[in-house]
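Report on one structure; see the data block that follows.
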Amino acid sequence: MLFDQQTNQFNLGLYNSKMPSILRIADGVVIFICLYFLSIWYNNKFPDFYVHAVFFAVILFFISSTNTKLYESWKLIDSSRVIIRLFATWAITIFGLLILASATKKSEEYSRVVLYTWFIVTPVFLSIWRLILDHNPWIKIKGSNKVRVVLAGWNESSEELIKGIKNKKNLEFDVLGIYDDHDQKVSNIPLANIKYLGDFKALIKDAQSNQFDLVYVNLGINAGHKIEHIAKEFANTTVSLYYIFPQNNLFNLLQPSWHYVSGHHAISIFESPFSGPSTFVKRLEDIIIGSLILLLISIPLIVISIIVKTTSRGPILFNQRRYGLDGKVFYMYKFRSMTVMEDNDIVSQAKKNDSRVTLWGGFMRRHSLDELPQFFNVIFGDMSIVGPRPHAVSHNEEHRINVPGYMLRHKVKPGITGVAQISDLRGEIQTPEQIIQRTKADLYYIKNWSLWLDIKIIFLSIFKGFFSPNAY
């Protein structure tokens, strides 16, 4: 299943390098080139006032990039996340340019077709050149500018950690080995080319002589005194030091991030992935894709409405209370597929051969046609196209008691489709394990959200999410 796949993101801060400055210059050049050639293509000239547009665009782009963290961890972050940040930064830039043009009343001077095309093609070309940079073997010369990495502490998660680092091909890491006070624990390390480098005294000594660039401290929270000692000694070196949080229930972090409050540093344990630019990207995705889908299904919506009305008594739509973002109640739209309209404290889930389901309703439910009106919920902002499926309020109250972490699903907007749907985790819930598996799928999505993951889920939903033998 999709959510069972291992993901290892190492977005750990800006590593000391001149490359971010080069990236900024190159991005500015791409922004200029795109507008220059478009102006020549459409107008056979490049007026002076277009230079002003490029200047302000580059300035706004660089300012926006500090909020989207576009240039942070350029060597440690997946290409897909870089592209998402590029599009988010450019979207903020366009918004700023439009406000500036409106305030100065200069928009009449510019060709609409040139500007709109520039708005569209620029992030595409920015993404293309970044992908070329990321996959160009000439840039990644063996041993050139690699980050020399070591691990301090060997436990059950160390092997998984090292494999995860090695599997990330875009990470320019050279894993040198492991330090640990208990050499017997690492005497038979089951990984090729990973050496035992000594105890923690040797770790500190090698750090002081610049034998490596970065160290991951992989010790449990009970080793606080030892961690404090290592940190104190590393303060006298130039080595980057990172602490690996234990993978247990307490530190099974949901979108971890640091912030500063009243003189103290705090790390989020449970937080939504949608804040700042990502909120804008997600909403823009819902509006654009949701509007296109509504346009495509407008005639089917009319046809289904007529069939529902003429084949059984009752309203066309069934509105039921569901929990949305932050647990707030909203009314979700569905085509009525039953002879009843249950929305009470007790709601009986649909079962196989359920007598309440109408003949046409059964067909709609098997093919998820009854869910189509929810695209209006998406446009209204109650739902997203992709996200955890919302359950009836009465079912929600039952699951939150029986399933640990269930309410974390509501850190994001509920969706029409999601990881659970394309993993065939839908239909009647007959055992506690089924709702636990669905919750795991939803939390996987929240932890690993990206624009690319949304697109992948939407694409797979066309073939898998809307056709299931478990839906009745």
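The values are calculated or read from the model by the stated rules, or taken from the named source; none is laboratory data. Owing to the predicted nature of the structure, the values given are computational and were not obtained by experimental measurement. Here the Cβ is made from the backbone with ideal geometry for all residues, glycine too, and neighbour counts use every protein chain on show.
Among GLY415, GLY427, which is the only one that is modelled with pLDDT under 85 and within 28 Å of ARG356 (Cα to Cα)? Explain how you work it out, then say what you get.
On the way: GLY415 fails: modelled with pLDDT under 85.
Residue meeting the stated conditions: GLY427.
Among the listed residues ILE379, ILE316, identify the single one that is farther than 20 Å from ARG409 by Cα, at pLDDT 80 or above, within 35 Å of the chain's Cα centre (by Cα) and surrounded by fewer than 18 Cβ atoms within 10 Å (Cβ to Cβ). If you could, list the steps in order and put the result at the bottom.
Values: ILE316 fails: within 35 Å of the chain's Cα centre (by Cα).
When all the criteria are applied, what remains is ILE379.
Just name the residue that is farthest from VAL217 (Cα to Cα) out of those in segment 190-206 that are modelled with pLDDT of 60 or more and assigned to a loop (DSSP other than H, G, I, E, B).
Among those that are modelled with pLDDT of 60 or more and assigned to a loop (DSSP other than H, G, I, E, B), it is ASN193.
Scan segment 388-412 for residues that are under 17 Å from LYS447 (Cβ atoms) and either at pLDDT 95 or above or among the hydroxyl-bearing types (Ser, Thr, Tyr) (or both) and jot them down.
TYR406, the sole residue that qualifies.
Give GLN247, GLN211, GLN255 a once-over and let me know the one that is at pLDDT below 75 and touching a Lys or Arg at 6+ places or on another chain (Cβ under 8 Å). Before you say what the answer is, go through the steps one by one.
Working: GLN247 fails: touching a Lys or Arg at 6+ places or on another chain (Cβ under 8 Å); GLN211 fails: at pLDDT below 75.
Criteria check complete, one pass: GLN255.
Restricting attention to segment 123-151, which residues are at pLDDT below 80 and among the polar types (S, T, N, Q)?
Residues satisfying the conditions are ASN136, SER144, ASN145.
Any residue in segment 115-122 that is surrounded by fewer than 17 Cβ atoms within 10 Å (Cβ to Cβ) and modelled with pLDDT under 75?
No, there is no match, as no residue in segment 115-122 is surrounded by fewer than 17 Cβ atoms within 10 Å (Cβ to Cβ) and modelled with pLDDT under 75.
Looking at (1) under 30 Å from ASP213 (Cβ atoms); (2) buried (at least 20 other Cβ atoms within 10 Å of the Cβ); (3) at pLDDT 85 or above, which is the one condition that is false for PHE62?
(2)
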